[in-house]
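> Let me begin by handing over the structure; questions about it come next.
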Amino acid sequence: MGNIVWYIVCLLGILCHQLCQAEDGSQLWLRYARVTASEAAFRKIHCPYRDAVASTAAAELQDYWRRGDVDLQLDKKWPKWQPDGYRIRSLGSKTVISAGNSTGLLYGAFHLLRLQQQGAAMQGLDISEKPSYALRMLNHWDNLDGTVERGYAGHSLWKWEELPGVISPRYREYARANASIGINAVVLNNVNASPLILRADYLEKVKTLADIFRPYGIRVFLSINFSAPALLGNLPDSDPLRPVVAGWWKDKADEIYRLIPDFGGFLVKANSEGQPGPQDYGRTHADGANMLAAALRPHRGLVLWRAFVYNPTAEDRAKQAYQEFVPLDGQFDDNVILQIKNGPIDFQPREPFNPLFGAMPKTSQMVEFQITQEYLGFSNHLVYLAPLFKETLDAQTYSRSEAGTVAGITQRGPHLVSAIAGVANIGEDRNWCGHHFAQANWYAFGRLAWNTGLSSNSLAREWLSMTFSPDPALVNPLSELMVESREAVVNYMMPLGLHHIFAFEHHYGPEPWGDIPGGRPDWMPWYYHNADLLGIGFDRTATGSNAVAQYRSPLREQFGQIGSCPEQYLLWFHHVPWKHRMKNGRSLWDNLCYAYQQGVDQVRGFQRQWDSLEGKMDTQRFQEVQSKLKIQARDAVWWRDACLLYFQTFSKMPIPAALERPVHELDELKKIRLDLKHHN
Ligand code: GCV
């Protein structure tokens, strides 16, 4: 009997040890070890404030900080225009975090823990931080039935059917992770919004989430369906200029604020991809946005009005948002922000910046990035997105001399509040994002929203140190790999400015031949690549759609001339002959072939690099990333073969002899039909 007990105890011990060691990615970059009672006895966390956010800051330090005493201090003289900022100083053996508000203290606390986790030296600290944007926001495209549009990490985190009674522990973990990187606002539901989210029972559920997020400094927003007054309120229509409609929204806003006093406001996708909007009644986007803004204004709420609009007309899709919105400059109320996707089409692996940025000087503008990898291999491909985010933020629009980058325009304009949004890549998977490295995109988005000046490389290093280990033997090669990964995906999917040649609907995998008879041309790959016997690419110069004219000088001239157009955007702006000589002296066709091969080679290089790090991290995450890299390597070959074999039917040119030969038949690739659901 004694033996059996001993055996069970040992077994439990082993199991427990294994569980404690398990690294399933669920801890994200917050793999802090809790302090022991004896460690805690050697240091004091002093926080005289009792509000929920300051208490969270103190509790984080209490639980995880092991390097001496910390004082949290609110500074009454803190500049009002720098909310959320903080200063960290070493004063003797003590560390002092001072801030103008409690959220500043919270961000300061997470900064200290970040330094500790990275093994940084703690003496002589004097760090001052303030955020680039006031609103650092995640947009969830989560549906009320638990599916996530363009989500690749399982079902929605929000268990609408269980709320408000049952509270998943992950709600708090999610809020904590966001707070640790400075994210302070979340839109809970899909922009293709169900009107039901505004029904009283759903608002109770939303309130419950808002209450959980509040101690982490996070405010809740909702996507709304513009037809809600008719669909939910039984009004005859939802015409924004009808007083009864405006009244319905006012009452709804009042109802929401009674439940959630710090509610952020509404995100609106209107007259876009079949969603209802003010144009259904002959009204403008400004009419619609201002009507909602009036309902929210008494509560200091905001309207985030999306500029993602396009219709199947003869006009180039890339030009349409600009054409629709620029004439409305100056007509939006000051609590409306125009939320603009980074590029003029739709979150492609590479796009030039959206020409709307800087083209509406009297309108508040914000950038929307996509963190979820709809067009970047879902959660199968390792693609680190900080370089993509930075490319847009740093792009010079020439609309104002100094502050004319996209970052500058969105930070300093006629704003009441500056803001930035990323479409979340989070789901109920244990590792939150489907791919361990997709966590880095959530992380980098938050950190860049905090400080657009941070570099892709430093963020990769920070994230790796905390998520895997600060060992330079791991951090050095993997940070390089991460930074290269965005260029790799461009190479094996859509080099030289090619775009939107994805398989229909689900957008995973290549389908440059895609054509659905009678389908919308602007949803067909041929619309974008225009391959023919002469060449390939979309002529957006003066001889074509003239989209270049939407950019300011000198960009319109630079993009408009084939000789001066940056090669990374060449086929975005030009229809280029196959034999056109590129800067390296080779033909366009050869350059395409080399780029696709380079993408394949880069992913194979990532595999080799990854395998060389075996033993430097836990087995579970090592193996999971290793098998995802295998998929990525196979997919890269699939992309290369599909695109080159298909485009070769037009170019009629050989793949350069020095390059690897295709391993697929074009006909065989054309038969691939993936059963991937797209949840609308
Ligand atoms: C939420 C793209 C996506 C859609 C998405 C839309 C948008 O078209 O494919 O799934 O809808 O963008 O941003 O509104």
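The values are calculated or read from the model by the stated rules, or taken from the named source; none is laboratory data. A quick note: this is a predicted structure, and the numbers were derived from the prediction, not measured. Here the Cβ is made from the backbone with ideal geometry for all residues, glycine too, and neighbour counts use every protein chain on show. Please note that ligands, DNA and RNA were not included when accessible areas were found on the heavy atoms of the full protein model with its side chains. Shrake-Rupley method; radii C 1.70, N 1.55, O 1.52, S 1.80 Å.
> Scan the range 450-494 residue by residue and report those that are in contact with a Phe, Trp or Tyr (Cβ under 7 Å, 6 or more places away or on another chain), of a type outside the set (S, T, Y) and over 26 Å from L135 (Cα atoms).
Passing the criteria: L474, L481, M482, V483, R486, N491, M493.
Quick grid of which residues meet (1) open to solvent by less than 10 Å² (accessible area, probe 1.4 Å); (2) of a type in the set (G, A, S):
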site	(1), (2)
R136	yes, no
N139	yes, no
D142	yes, no
D145	no, no
R150	no, no
A153	yes, yes
W158	yes, no
I167	no, no
Y171	yes, no
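> I'm checking my understanding of the structure. Among residues of the range 635-680 that are surrounded by 13 or more Cβ atoms within 10 Å (Cβ to Cβ) and more than 25 Å from W526 (Cβ to Cβ), which one is nearest to the ligand (Cβ to nearest atom)?
H679
> Go through the residues of the range 148-171 one by one and say whether even a single one is within 29 Å of S418 (Cβ to Cβ) and in a helix (DSSP H, G or I).
Within the range 148-171, one or more residues are within 29 Å of S418 (Cβ to Cβ) and in a helix (DSSP H, G or I).
> Further question: Consider the range 377-429. How many of its residues are part of a loop (DSSP other than H, G, I, E, B) and free of Cβ contacts under 8 Å to residues at least 12 places away in the same chain? It would help to see each step written out before you state the result.
Quick first cut of the range 377-429, residues part of a loop (DSSP other than H, G, I, E, B) only: 377-385, 394-395, 397-404, 412-418, 424-429.
Adding the requirement that they be free of Cβ contacts under 8 Å to residues at least 12 places away in the same chain leaves 401-403, 412.
Total satisfying the criteria: 4.
> If I go through the range 289-317 residue by residue, how many of them are within 16 Å of the ligand (Cβ to nearest atom), in contact with a helix residue (DSSP H, G or I) (Cβ under 8 Å, 6 or more places away or on another chain) and either among the acidic types (D, E) or modelled with pLDDT of 95 or more (or both)?
Adding up the residues that qualify gives 6.
> Pairs please, first residue from the range 482-511 and of a type in the set (S, T, Y), second anywhere and open to solvent by 20 Å² or more (accessible area, probe 1.4 Å) and within 15 Å of the ligand (Cβ to nearest atom), Cβ atoms under 8 Å, 6+ apart in sequence or on different chains.
Hits for this filter: Y508/F378; Y508/L676.
> What do you reckon, is W78 outside the structural domain of D429 (by TED's automatic domain parsing) and surrounded by fewer than 20 Cβ atoms within 10 Å (Cβ to Cβ)? Walk me through how you get there before you give the answer.
Values: outside the structural domain of D429 (by TED's automatic domain parsing): yes; surrounded by fewer than 20 Cβ atoms within 10 Å (Cβ to Cβ): yes.
Against the criterion (outside the structural domain of D429 (by TED's automatic domain parsing) and surrounded by fewer than 20 Cβ atoms within 10 Å (Cβ to Cβ)), W78 qualifies.
> Kindly evaluate S194 against the criterion of being touching a residue at least 12 places away in the same chain (Cβ under 8 Å) and within 16 Å of the ligand (Cβ to nearest atom). Steps first, answer last, please.
On the way: touching a residue at least 12 places away in the same chain (Cβ under 8 Å): yes; within 16 Å of the ligand (Cβ to nearest atom): yes.
Taking the combined requirement at face value, the residue satisfies it.
> The conditions are (1) in contact with a helix residue (DSSP H, G or I) (Cβ under 8 Å, 6 or more places away or on another chain); (2) within 25 Å of G377 (Cβ to Cβ), and S564 fails exactly one of them. Which is it?
(2)
> Would you confirm whether any residue within the range 195-205 is surrounded by fewer than 17 Cβ atoms within 10 Å (Cβ to Cβ), at negative phi and either assigned to a loop (DSSP other than H, G, I, E, B) or in contact with a strand residue (DSSP E or B) (Cβ under 7 Å, 6 or more places away or on another chain) (or both)? Write out each step before concluding.
Kept after step one, since they are surrounded by fewer than 17 Cβ atoms within 10 Å (Cβ to Cβ), are these residues of the range 195-205: 196, 199-201, 204.
Now restrict to residues that are at negative phi: 196, 199-201, 204.
The next check asks that each one be either assigned to a loop (DSSP other than H, G, I, E, B) or in contact with a strand residue (DSSP E or B) (Cβ under 7 Å, 6 or more places away or on another chain) (or both); those that pass are 199.
For the range 195-205, residues surrounded by fewer than 17 Cβ atoms within 10 Å (Cβ to Cβ), at negative phi and either assigned to a loop (DSSP other than H, G, I, E, B) or in contact with a strand residue (DSSP E or B) (Cβ under 7 Å, 6 or more places away or on another chain) (or both): present.
> Also: Looking at A407, A395, A359, which one is in contact with a helix residue (DSSP H, G or I) (Cβ under 6 Å, 6 or more places away or on another chain) and over 30 Å from Y152 (Cβ atoms)? Working first, answer last.
On the way: A407 fails: over 30 Å from Y152 (Cβ atoms); A395 fails: over 30 Å from Y152 (Cβ atoms).
That would be A359, the only listed residue that is in contact with a helix residue (DSSP H, G or I) (Cβ under 6 Å, 6 or more places away or on another chain) and over 30 Å from Y152 (Cβ atoms).
> Look at I337 and say whether it is open to solvent by less than 10 Å² (accessible area, probe 1.4 Å), away from the ligand (no atom under 12 Å from the Cβ) and either more than 18 Å from G413 (Cβ to Cβ) or modelled with pLDDT under 95 (or both).
Numbers: open to solvent by less than 10 Å² (accessible area, probe 1.4 Å): yes; away from the ligand (no atom under 12 Å from the Cβ): yes; either more than 18 Å from G413 (Cβ to Cβ) or modelled with pLDDT under 95 (or both): no.
Spelling it out, it is not the case that I337 is open to solvent by less than 10 Å² (accessible area, probe 1.4 Å), away from the ligand (no atom under 12 Å from the Cβ) and either more than 18 Å from G413 (Cβ to Cβ) or modelled with pLDDT under 95 (or both).
> From F353, F378, F357, which residue is away from the ligand (no atom under 16 Å from the Cβ) and either among the acidic types (D, E) or open to solvent by 10 Å² or more (accessible area, probe 1.4 Å) (or both)? Quick ask: steps written out before the conclusion?
Details: F378 fails: away from the ligand (no atom under 16 Å from the Cβ); F357 fails: either among the acidic types (D, E) or open to solvent by 10 Å² or more (accessible area, probe 1.4 Å) (or both).
F353 is the lone residue from the list that is away from the ligand (no atom under 16 Å from the Cβ) and either among the acidic types (D, E) or open to solvent by 10 Å² or more (accessible area, probe 1.4 Å) (or both).
> Inspect all residues belonging to the range 482-491 and state whether any of them is at pLDDT 95 or above, open to solvent by less than 10 Å² (accessible area, probe 1.4 Å) and either on the phi > 0 side of the Ramachandran plot or in a loop (DSSP other than H, G, I, E, B) (or both).
Kept after step one, since they are at pLDDT 95 or above, are these residues of the range 482-491: 482-491.
Those still in the list that are open to solvent by less than 10 Å² (accessible area, probe 1.4 Å) too: 482, 485-486, 488-490.
After this cut, where a residue has to be either on the phi > 0 side of the Ramachandran plot or in a loop (DSSP other than H, G, I, E, B) (or both) as well, the list is none.
The answer is no, given that none of the residues of the range 482-491 is at pLDDT 95 or above, open to solvent by less than 10 Å² (accessible area, probe 1.4 Å) and either on the phi > 0 side of the Ramachandran plot or in a loop (DSSP other than H, G, I, E, B) (or both).
One line per residue, one yes/no per condition, for (1) farther than 17 Å from W572 by Cβ; (2) assigned to a loop (DSSP other than H, G, I, E, B); (3) over 13 Å from the mean Cα position of the chain (by Cα):
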{"residue": "I345", "(1), (2), (3)": "no, yes, yes"}
{"residue": "P352", "(1), (2), (3)": "no, yes, yes"}
{"residue": "L356", "(1), (2), (3)": "no, yes, yes"}
{"residue": "M360", "(1), (2), (3)": "yes, yes, yes"}
{"residue": "T372", "(1), (2), (3)": "yes, yes, no"}
{"residue": "Y375", "(1), (2), (3)": "no, yes, no"}
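> Within the range 206-224, restricting attention to residues that are open to solvent by less than 10 Å² (accessible area, probe 1.4 Å) and of a type in the set (V, I, T), which residue is farthest from the chain's Cα centre (by Cα)?
V206
> When F389 is evaluated against the numbered criteria (1) within 16 Å of the ligand (Cβ to nearest atom); (2) open to solvent by less than 10 Å² (accessible area, probe 1.4 Å); (3) under 30 Å from G605 (Cα atoms), which criterion, by number, is the only one it fails?
Exception for F389: condition (1).
> Something else: What number of residues within the range 598-620 satisfy the criterion of being open to solvent by less than 10 Å² (accessible area, probe 1.4 Å) and touching a Leu at 6+ places or on another chain (Cβ under 9 Å)?
Step one: of the range 598-620, the residues open to solvent by less than 10 Å² (accessible area, probe 1.4 Å) are 599-600, 603, 606, 610, 613.
From what is left, the residues that are touching a Leu at 6+ places or on another chain (Cβ under 9 Å) are 603, 606, 610, 613.
Within the range 598-620, residues that are open to solvent by less than 10 Å² (accessible area, probe 1.4 Å) and touching a Leu at 6+ places or on another chain (Cβ under 9 Å) number 4.
> OK, next. Anything in the range 277-318 that is free of Cβ contacts under 8 Å to residues at least 12 places away in the same chain and of a type in the set (V, I, T)? List them, or say none.
T313
> Could you tell me which numbered condition E462 fails, if it satisfies all but one of (1) buried (at least 21 other Cβ atoms within 10 Å of the Cβ); (2) acidic (D, E); (3) over 23 Å from Q370 (Cβ atoms)?
(3)
> Filter the range 523-547 for residues that are hydrophobic (A, V, I, L, M, F, W, C), open to solvent by 20 Å² or more (accessible area, probe 1.4 Å) and touching a helix residue (DSSP H, G or I) at 6+ places or on another chain (Cβ under 8 Å); which is nearest to D346 (Cα to Cα)?
From the range 523-547, those hydrophobic (A, V, I, L, M, F, W, C) are 523-524, 526, 531, 533-534, 536, 538, 542, 547; that's our starting set.
Among the residues that remain, those that are also open to solvent by 20 Å² or more (accessible area, probe 1.4 Å) are: 523, 526, 533-534, 538, 542.
After this cut, where a residue has to be touching a helix residue (DSSP H, G or I) at 6+ places or on another chain (Cβ under 8 Å) as well, the list is 533, 538, 542.
Details: L533: 27, F538: 16, A542: 23 Å.
Among those that are hydrophobic (A, V, I, L, M, F, W, C), open to solvent by 20 Å² or more (accessible area, probe 1.4 Å) and touching a helix residue (DSSP H, G or I) at 6+ places or on another chain (Cβ under 8 Å), it is F538.
> Mind checking whether some residue in the range 225-232 is surrounded by fewer than 24 Cβ atoms within 10 Å (Cβ to Cβ), assigned by TED's automatic domain parsing to the domain that holds A460 and not in a helix (DSSP H, G or I)?
The answer is yes, given that some residue of the range 225-232 is surrounded by fewer than 24 Cβ atoms within 10 Å (Cβ to Cβ), assigned by TED's automatic domain parsing to the domain that holds A460 and not in a helix (DSSP H, G or I).
> Given the structure, is Q550 over 19 Å from G497 (Cα atoms) and open to solvent by less than 70 Å² (accessible area, probe 1.4 Å)? Explain how you work it out, then say what you get.
On the way: over 19 Å from G497 (Cα atoms): no; open to solvent by less than 70 Å² (accessible area, probe 1.4 Å): yes.
Considered against the rule, which asks whether it is over 19 Å from G497 (Cα atoms) and open to solvent by less than 70 Å² (accessible area, probe 1.4 Å), Q550 comes out as no.
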